[in-house]
Amino acid sequence: MRSHRALLVLLGCAAIAVSAAQGITGISELALYAAPFLLLLGLLLSGRFVGEEAILARRVRPAPRPRPLPRRWTALRELPLASLLERNPRLERGPPVVLAA
């Protein structure tokens, strides 16, 4: 709403309409039934509703994200050739002994 005065005038007109409808229809509890609706309407129109962001977040869908660029293979570092036997910790034992028959 533009101003609080316009909001109050709108809610006042709504309350008068509810009370007029209560007088015409003869339902004595109509104003009691309409009071929570008018309260929530006033809070929403004034922009002071506590959970308004959560309500709007459920209604409004976020814009789709752009697709990520395809990843390319990264160049692997070339390691110098090395024997697995050279890096083996059991290398200190030495070669196996040939048994004489």
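Each reported figure results from applying straightforward, stated rules to the coordinates on display, with no laboratory input. Just so you know, these numbers come straight off a predicted model, no measurement behind them. Cβ coordinates were reconstructed from backbone atoms using ideal geometry, including for glycine residues, and neighbour counts include every protein chain displayed.
Tabulated data for the structure shown
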quantity: Sequence ranges 22-28, 6-12, ranked by mean other-Cβ count within 10 angstrom, highest first; calculated: 6-12, 22-28
quantity: Inter-site label distance for Ala31 and Leu8 at 7 Å from Cα along Cβ, in nm; calculated: 1.9 nm
quantity: Table column - 3J(HN,Hα) (Hz), region 16-26, Karplus curve with 6.51, -1.76, 1.60, x for Gly and Pro; calculated: 5, 5, 5, 5, 5, 5, 5, x, 6, 7, x
